[in-house]
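K.L.:
Sending over a structure as structure tokens; questions will come in a sec.
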Amino acid sequence: KFSVTQLGAEHLVQWTTEMEANVGYYELQRSTNGIDFSAISTQVATNSGGANNYSFSDNSFSPGVNYYRLKISERNGIVRYSIIIRTETQPQTELFRIVPNPVTGDEFSLLYSSAGPGLATITISDVSGRRVHVIKEGVNSGQNVIYIKAIPGLLPGVYFVSVNKDGKYNQGKLIKTQ
């Protein structure tokens, strides 16, 4: 899991790994154009069994759009990169957006603004109202970017994505093309 949450004047970047092995370090990178990235934090991998949690508070980002990714450097010299998360600094107002939309692959992000921390229920339903997938996700106060990948049964078509937290309900339309 890799996420970015806007908390007032900072972006809280968090990632969790499972079954980490042979990873030397993680380099968190930021960009304002999605192409030219610069390192903003380096964290040594724990390489322990089970879930490993990492985080970084970015309080020097540029106003507007920022992009984040992880450079994952293994001990054997292999370098991999995470997905890129796009954030848009917003005032602390209601925000609910699905990006990209339409979706052409098997992954998308949900931009969601929450009034407070807690557990949100994300439901993906087809046009007939049948639930295709339900996710429970912890969210923070402020802007959250929730990365969603590889949902079984998500065939090309039109879907509704809803977020329910503390009785407050947001919904958007998702178009899956491939």
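K.L.:
Give the lysines reachable from LYS149 as a straight Cα distance under 16 Å; neighbours fewer than 8 places away on the same chain don't count.
P.N.:
The qualifying lysines are LYS1, LYS136, LYS176.
K.L.:
A further question on this structure: Express in nm, to one decimal, how much length is gained between ASN22 and TYR81 on full extension, taking 0.36 nm for each residue of separation and deducting their alpha carbon distance.
P.N.:
Working: separation 59, 0.36 × 59 = 21.24 nm, distance 1.53 nm.
Gain on stretching ASN22 to TYR81: 19.7 nm.
K.L.:
So what is the relative contact order of the stretch 46-178, in percent, for Cα pairs below 8 Å that sit 6 or more residues apart?
P.N.:
On the way: 243 pairs, mean separation 27.9, N = 133.
RCO, the stretch 46-178: 21 percent.
K.L.:
Something else: Measuring from label point to label point, each 7 Å out along Cα→Cβ, what is the LYS168 to THR89 span in nm?
P.N.:
Computed distance between label sites LYS168 and THR89 equals 2.2 nm.
K.L.:
Continuing with this model, one more query. Amide H neighbours of TYR25 under 5 Å, at least 5 residues apart or on other chains, H built in the peptide plane: list them.
P.N.:
Residues meeting the amide H criterion: ALA45, SER73.
K.L.:
Follow-up. Measuring with a 1.4 Å probe in the full set of protein chains, what accessible area per residue, in whole Å², belongs to the chain? Please report the intermediate quantities before stating the final value.
P.N.:
Values: 9020 Å² over 178 residues.
Value returned for the chain: 51 Å² of accessible area per residue.
K.L.:
Give me the aspartates and glutamates in straight-line cross-link reach of LYS165: C-alpha distance below 17 Å, same-chain residues under 8 apart excluded.
P.N.:
Hits, sequence-local ones excluded: GLU94, GLU137.
K.L.:
Here's something else I'd like to know. On a 1.4 Å probe surface of the protein chains, which of SER31, SER48 comes out largest in accessible area, and what is the full order?
P.N.:
Numbers: SER31 5, SER48 50 Å².
Result of the area sort, largest leading: SER48, SER31.
K.L.:
Still on this structure: Ratio of the chain's C-alpha Rg to 2.2 N^0.38 Å, to two decimals?
P.N.:
Values: Rg = 16.8 Å, N = 178, 2.2 N^0.38 = 15.8 Å.
Dividing the Cα radius of gyration by 2.2 N^0.38 Å gives 1.06.
K.L.:
Once a ≥ b ≥ c are taken as the square roots of the eigenvalues of the Cα gyration tensor of the stretch 73-157, is the result rounded (a/c under 1.5), prolate (a/b larger than b/c) or oblate (a/b not larger than b/c)? Could the numbers behind the result be given before it?
P.N.:
Values: a/c = 1.85, a/b = 1.13, b/c = 1.63.
Since a/c reaches 1.5 but b/c is at least a/b, the shape of the stretch 73-157 is classed as oblate.
The values are calculated or read from the model by the stated rules, or taken from the named source; none is laboratory data. The model shown is predicted, which means the values in this text are computed figures rather than measured ones. Every residue, glycine as well, gets a Cβ built from its backbone with ideal geometry; the counts of neighbours run over all protein chains shown. Just so you know, the surface numbers come from the protein's heavy atoms only, side chains and all, with ligands and any DNA or RNA stripped out. Shrake-Rupley method; radii C 1.70, N 1.55, O 1.52, S 1.80 Å.
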